[in-house]
């Protein structure tokens, strides 16, 4: 169980695509990133509390069991590898070329993410809930849907206690939060 406090914070993370390219414009790429996020959860044991996948970024609220740098390594590393590998195998090559970098010392030729993801410590339940509402309302505020629960690639249905989809893209762990205030 996770308790949100100054001693046991959660993380609010936003990762933005390289040059704000709308990589996640189609459901195919949104599904790919959700599969990769599930893989990151399995590899790390991370808990996910809220998320939304937007055309050129994603937001996620996770537990704080590991250092922020490790959390980002799992989230951004696995998602980048899956998306870039998909583009290499399936194209379109023009999309892959937009992610091209000058080859780095580590041998990397492509970058899906900007290198300075936003990470914010959530040290209180009120701060946590503020970010959950922000994440779930992001698709509405960006004009993608009229109601948060209508956006397939977010955690809004979990938090609004709406029926989940048969093919819910990403499971949330909100039942693993131990609330101070009820």
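The values are calculated or read from the model by the stated rules, or taken from the named source; none is laboratory data. Just so it is clear, the structure is predicted and the values come from calculations on it, not from any experiment. Glycine gets a Cβ as well: all are built from the backbone with ideal geometry, and neighbour counts include every protein chain shown.
Going by the structure shown, is residue 91 under 28 Å from residue 174 (Cβ atoms) and either surrounded by fewer than 21 Cβ atoms within 10 Å (Cβ to Cβ) or more than 13 Å from the chain's Cα centre (by Cα) (or both)?
No: the conditions fail for residue 91.
Quick one: in segment 18-27, of everything that is in contact with a helix residue (DSSP H, G or I) (Cβ under 9 Å, 6 or more places away or on another chain) and either modelled with pLDDT of 95 or more or buried (at least 21 other Cβ atoms within 10 Å of the Cβ) (or both), which residue is nearest to residue 165 (Cα to Cα)?
Per the stated criteria, the residue is 24.
For segment 159-181: of the residues being out of contact with any strand residue (DSSP E or B) (no Cβ under 8 Å at 6 or more places or on another chain) and under 14 Å from residue 128 (Cα atoms), which is modelled with the highest pLDDT?
Ranking the qualifying residues of segment 159-181, first place goes to 179.
For residues in segment 129-149 being out of contact with any helix residue (DSSP H, G or I) (no Cβ under 6 Å at 6 or more places or on another chain) and not in a helix (DSSP H, G or I), which is surrounded by the fewest Cβ atoms within 10 Å (Cβ to Cβ)?
Ranking the candidates gives 143 first.
Do we find that residue 119 is in a strand (DSSP E or B), at negative phi and touching a helix residue (DSSP H, G or I) at 6+ places or on another chain (Cβ under 7 Å) in this structure?
In short, yes.
Which residues, taken from segment 166-175, are assigned to a loop (DSSP other than H, G, I, E, B), in contact with a helix residue (DSSP H, G or I) (Cβ under 7 Å, 6 or more places away or on another chain) and over 18 Å from residue 26 (Cα atoms)?
Once the filter is applied, which keeps residues that are assigned to a loop (DSSP other than H, G, I, E, B), in contact with a helix residue (DSSP H, G or I) (Cβ under 7 Å, 6 or more places away or on another chain) and over 18 Å from residue 26 (Cα atoms), segment 166-175 yields only 172.
List pairs: first in segment 65-77 and over 14 Å from residue 10 (Cα atoms), second at pLDDT 90 or above and surrounded by fewer than 15 Cβ atoms within 10 Å (Cβ to Cβ), Cβ under 9 Å, 6+ apart or cross-chain?
So the pair list comes out as 74/43.
I'm trying to understand the selection: among the residues of segment 15-67, which are within 18 Å of residue 142 (Cβ to Cβ) and assigned to a loop (DSSP other than H, G, I, E, B)?
Answer for segment 15-67, where residues must be within 18 Å of residue 142 (Cβ to Cβ) and assigned to a loop (DSSP other than H, G, I, E, B): 21, 22, 23, 24, 25, 26, 55, 56.
Criterion first (part of a strand (DSSP E or B), in contact with a strand residue (DSSP E or B) (Cβ under 7 Å, 6 or more places away or on another chain) and under 16 Å from residue 177 (Cα atoms)) does residue 12 satisfy it?
yes
Kindly provide the set of residues from segment 1-17 that are over 15 Å from the mean Cα position of the chain (by Cα) and touching a residue at least 60 places away in the same chain (Cβ under 8 Å), ordered by number.
1, 2, 3, 4, 5, 6, 9
Between a residue in segment 103-131 that is farther than 17 Å from residue 73 by Cα and any residue that is surrounded by fewer than 17 Cβ atoms within 10 Å (Cβ to Cβ) and modelled with pLDDT of 85 or more, which pairs come within a Cβ distance under 7 Å, given they are 6 or more apart or on different chains?
Once the first residue is farther than 17 Å from residue 73 by Cα and sits in segment 103-131, its partners that are surrounded by fewer than 17 Cβ atoms within 10 Å (Cβ to Cβ) and modelled with pLDDT of 85 or more give 123/5; 123/6; 125/179.
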